[in-house]
1. Computed over the Cα atoms, what is the radius of gyration of the chain divided by 2.2 N^0.38 Å, N being its residue count?
2. Which whole-Hz ³J(HN,Hα) couplings does region 53-65 yield from phi under the Karplus relation 6.51 cos²θ - 1.76 cosθ + 1.60, θ = phi - 60°, glycine and proline marked x?
3. I need the peptides 110-123, 23-36 ranked by packing, meaning the mean over residues of other C-beta atoms within 10 angstrom, with the highest value on top.
4. Cα axis of helix 97-118 to longest principal axis of the chain: angle in degrees, 0 to 90, nearest 10?
5. Kirkwood Rh, region 1-93, all Cα pairs: how many Å?
6. So for region 88-162, taking the charge dipole from beta-carbon charges (+1 Lys/Arg, -1 Asp/Glu), which of Gln104, Val126, Thr140 sits furthest toward the positive end?
7. Step by step: find N for region 142-213, compute 2.2 N^0.38 Å, then divide the Cα radius of gyration by it. What's the final number?
8. Restricting attention to the alpha-carbon atoms of region 34-164, what are Rg (one decimal) and Dmax (integer), both in Å?
Amino acid sequence: MPETIETQDRFEVLLAILIALATVIGAFVAWRAFVAGNASGDADFMGISAVLASEEARAINAVNAYESYGAYVSYRQYRDLAIRLQAERDALPEDDTLTAARLQAQIDLALTASAIFQQRFSRQFVLRDGSYNLEGQLNTLYADQARQRNLNAAPSFAEADKQRTKSSWLQGAAIPLAVSLIFFTLAEALPKRFRLPMLIIGVLLLVGGTAAFLYFDLSIV
């Protein structure tokens, strides 16, 4: 009888240790799943912020680029007008000084307007054929913005998906840990012949849940 009591005491101590271990590990797994869930939310927020920043940059850059393009068009128009007026002036008879003076005044105004608009666009985007590289300016402006702030949402959304997947797997790993507590409780409450099978099942669930937690927590970083 003393030996039976001692064996029973040892079994109860073992169960208490296993229950405490399963409870602690389960709580830690739940915390790690919570951390992964928070990280997923933070990454989603960063991704949305990058999308908004990207759209804002594109809108502002489009306004600036089209203003530059409009200035270039006006520059070309006034320059071409000055060339045409100069040709008309050169074709006048030498004694038609009044018309020559009027044309010269118009030429001066056209050249002045052309010079003003020339200051409003960058010559680096004027191509050899005389066209304006609007797409090149848009890309350059966007690249400048991207160096100053995060405009690429893809990495943040990918991180959010990864952390969300990790959180889901960790929550799944917590299930066998929770179920192991049920079997440990049954091992303590059921008759003697059922205790060992309940204990073995509980230990297998505890080991399996812990192994699954370690795998998903360490492999998905």
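1. 2.29
2. Per residue, the Karplus-derived 3J(HN,Hα) values read 5, 5, 5, 5, 5, 5, 5, 5, 5, 5, 4, 5, 5 Hz.
3. Ranked from most to least packed, the peptides come out as 23-36, 110-123.
4. Rounded to the nearest ten degrees, it is 10.
5. 21.5 Å
6. Going by the charge dipole, the pick is Thr140.
7. Output field value: 2.00.
8. Considering region 34-164 through its Cα atoms, Rg and Dmax are 25.4, 93 Å.
Read-outs: derived from the displayed coordinates by stated rules, not from any lab. What you are looking at is a predicted structure, and each value in this text was computed from that prediction instead of being measured. Note: ideal-geometry Cβ built from the backbone for every residue, glycine included; neighbour counts use all protein chains shown.
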